[in-house]
Amino acid sequence: MECQECHIRPATLHFTKIINGHKTEVHLCEECAREKGEIMAGSNAFSIHNLLSGLLNFEQPMEANGGSHEHDPLQCPKCGLTYNEFTRIGKFGCDECYKTFDEKLNPILRKVHSGNTAHIGKIPRRMGKDISARRKILDLKDRLQELVEKEEFEEAAKTRDLIRELERGGDQ
Amino acid sequence: MSLQHFINHAVSPWMQADGPDADIVLSSRIRLARNLSEFAFPVIASKEQAQKALYFIKEKLEDESYHSLGTFEWLQMNELQSIEKRVLVEKHLISPNLDKESGDSAVLINESESVSIMVNEEDHLRIQCLFPGFQLNEALTLANGIDDWIESKFDYAFDEKRGYLTSCPTNVGTGLRASVMVHLPALMITQRMNRIAPAINQFGLVVRGIYGEGSEALGNVFQISNQITLGKSEEDIVEDLRGVVMQLIQQEKVARRDLLKMSKIQLEDRIYRSYGVLAHSRIIHSKEAAKCLSDVRLGIDLGIISGLPRTILNELMVLTQPGFLQHYFKESLTPDERDVRRATLIRERIQLEQNQDEPRD
Ligand SMILES: [Zn+2]
Ligand SMILES: [Zn+2]
């Protein structure tokens, strides 16, 4: 396959770019990719990082309608990173940044992660004990609902007891 | 230093083992990005903050061991020579970014070099597990275990809604990058890769070359990895990648069979010519070396060439990169000199194998 930009060299970079919700396939050679800023020299990461700062910059004009006339009202209280700075470097400065910029993150995350905004994977084993327990209870409550609807009362009673036990103890 | 000694030093022990589907999948890798809640991320940390985080981590992980992995050695970037760092990059044990982000970075490496933990790269911690062949699940299990072990010592930056919080929004959620290194010579010779690569992208996976300057697929070696880290479980990410790679393995096998059936003599000619170039040339550019190594490796996998180990492709791909060449010959080399030394090293390597075949007294 030839590079879609120069049509001379073979395309060695292949990826899907999502811009404003539209998927576009991109096939570029090394040189053209570098010229277009799709690749970071020597980086093990792919072009998405640079693509991302493009996305973030695109987000900026929307802020103008926000009503706030102060320059850069959003600043992380923990690390001092401002939202403007975040859009420029495309990187967060600390864990608190995620909370500080939370309202603005969904559109960005959706574009980068194929529409996803929430984590459904691993929970830290030690720190996340409570979260894991809470999630387990929620799952069980869903299950209980199902069982009741299906009129499987014997199973439902067992599940209810398990939920009670978990809600009481929490730490086993 | 003798060549054998140098190879032992240059090629990670984990690489010398054979894994499942090793005729096509060279290695499997899992990387987890993690940050500590207590400190600002390395990308914006001041020198003082970065040092504080570095020593905080060092104190708890240096010379510690995890199960059968052995003790982790702590290598601090500002204590290494640039050639040593380059060698670590060429062995894929550290990223080229590790000492660019700040001088206050380090890597923990176990004895077999199957696990490396980068400290103060873009994130505070980057846990990387490497396995030979097609062993993504095994690598994920190990990475999870190491992750739990580290988490028992530190408070991670984690949020119930967003998951593991990373410096770059492209890594948030699982912080997981799963990848495999595959050798696809037959799909390249038959020009089928052109159609396959875009199809792989459809699955949210990224295909790229790994060796050489930039991302050209030198030696027909590609890396396939996941793009999305958020909204999917670790197991699903790995499973989706595994499924696509399994199909890729099938396609490559079909292409190899077709080549043998339809143009066996041409294929043999190509492979033996490449063998001849590697065994006898006096000047060889890295591109030509990579092409010939790929051919010879295909010859070994198809049983056309015997008496050479399979690992010679990965091994010589690493050994003939600029950092290693200069490390071996102990001097800095111009590109022209490198081509001469590269040819010498490859010849010596092949001779080493041939000498071993002869009976010893
Ligand atoms: Zn081009
Ligand atoms: Zn912050």
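The values are calculated or read from the model by the stated rules, or taken from the named source; none is laboratory data. Source: prediction; values computed, not measured. With ideal geometry, Cβ positions are generated from the backbone for all residues, glycine too; neighbour counts draw on all protein chains shown. Keep in mind that these areas ignore ligands, DNA and RNA; they rest on the heavy atoms of the full protein, side chains included. Shrake-Rupley method; radii C 1.70, N 1.55, O 1.52, S 1.80 Å.
Dipole magnitude for the protein assembly as shown: about 1040 debye, using +1 per Lys or Arg Cβ and -1 per Asp or Glu Cβ, origin at the Cα centre. What is the calculated FRET efficiency for B:E48 to B:I83, with r their C-beta to C-beta distance and R₀ = 25 Å, to the nearest 0.05? Efficiency for this residue pair is about 0.30. Placing dummy labels 7 Å off each Cα toward the beta-carbon, the span from B:Q76 to B:S332 is 2.5 nm.
Computed from point charges on the beta carbon alone (+1 for Lys and Arg, -1 for Asp and Glu), the dipole magnitude for segment B:135-179 about its Cα centre is near 180 Debye. The alpha-carbon atoms of the protein assembly as shown, seen along their principal axes, cover 75, 59, 52 angstrom, with the largest extent given first. Residues of segment B:164-194 buried by at least 20 Å² of accessible area upon assembly of all protein chains, compared with the chain on its own (1.4 Å probe): B:Y164, B:L165, B:S167, B:C168, B:P169, B:T170, B:V172, B:N194. Relative to the dominant Cα principal axis of chain B, helix B:193-202 is inclined by about 20°. Solvent-accessible area of segment B:235-361 (1.4 angstrom probe, protein heavy atoms only): carbon and sulfur portion equals 48 percent. For segment B:27-60, a reduction of at least 30 Å² in accessible area between the chain on its own and the assembled protein chains (probe 1.4 Å) is found at B:S37, B:F41, B:I44.
Once the Cβ-Cβ distance of A:E25 and A:E167 is raised to the sixth power relative to R0 = 56 Å, the FRET efficiency obtained is 0.65. For the residues of A:108-115, the average number of beta carbons from a partner chain within 10 Å of their own beta carbon is 5.
Working note: 222 nm ellipticity from helices only, DSSP H runs with n ≥ 4, each -39,500 (n - 2.57), summed and divided by the residues of chain B, gives -15000 deg cm²/dmol to the nearest 500.
Sorting the Cα pairs of segment B:143-264 by distance into bins of 10 Å, from 0 upward, gives 12, 35, 28, 17, 7, 2 percent per bin.
Highest average first, the peptides B:44-51, A:154-161, B:133-140 ordered by how many other beta carbon atoms sit within 10 Å of their residues are B:133-140, B:44-51, A:154-161.
Between A:R160 and B:R310, the simple spin-label model (points 7 angstrom out along Cα→Cβ) gives 5.8 nm. B:Y55 contributes about 110 Å² of solvent-accessible surface, heavy atoms of the protein only, 1.4 Å probe. Between A:K99 and A:I120, full extension at 0.36 nm per residue minus the direct alpha carbon distance yields a gain of 5.8 nm. For the pair A:R110 and B:Q250, label points projected 7 Å from Cα toward Cβ lie 3.6 nm apart. Does anyone have the angle between helix B:136-151 and the longest principal axis of chain B? Alpha-carbon axes, 0 to 90°, nearest 10? In chain B, helix B:136-151 runs at an angle near 30 degrees to the longest axis.
Backbone N atoms of segment B:227-260 closer than 18 Å to the 7 Å Cα→Cβ label point of A:M1 belong to residues B:227-228, B:244-245, B:247-249, B:251-252.
Other protein chain C-beta atoms within 10 Å of residue C-beta, averaged over B:138-151: 1.
Across segment B:61-67, rounded Karplus estimates of 3J(HN,Hα) from the backbone phi angles (6.51 cos²θ - 1.76 cosθ + 1.60, θ = phi - 60°) give 10, 4, 6, 7, 10, 10, 6 Hz, Gly and Pro being marked x.
A Förster radius of 41 Å combined with the Cβ-Cβ distance from B:K60 to B:K287 puts the calculated FRET efficiency at roughly 0.40.
Atom-type composition of the exposed protein surface of segment A:125-168 places 47 percent of the accessible area on carbon and sulfur (1.4 angstrom probe).
The mean number of Cβ atoms from other chains found within 10 Å of a Cβ in peptide A:82-95 is 5, as a whole number. In this structure, the pairs whose alpha-carbon distance is over 19 Å, taken from B:K60/B:K85; A:K78/B:K52; B:K161/B:K232; B:K47/B:K85; B:K47/B:K100, are B:K60/B:K85; B:K47/B:K85. Accessible surface computed residue by residue for segment B:245-361, with neighbouring protein chains in place and a 1.4 Å probe, gives 50 Å² per residue. At a probe of 1.4 Å, how much accessible area disappears from chains A and B on forming the pair, both sides counted, to the nearest 100 Å²? Buried area (both sides, nearest 100 Å²): 4900 Å². Accessible surface area normalised per residue over segment A:125-168 is 82 Å², counting heavy atoms of protein chains with a 1.4 Å rolling probe.
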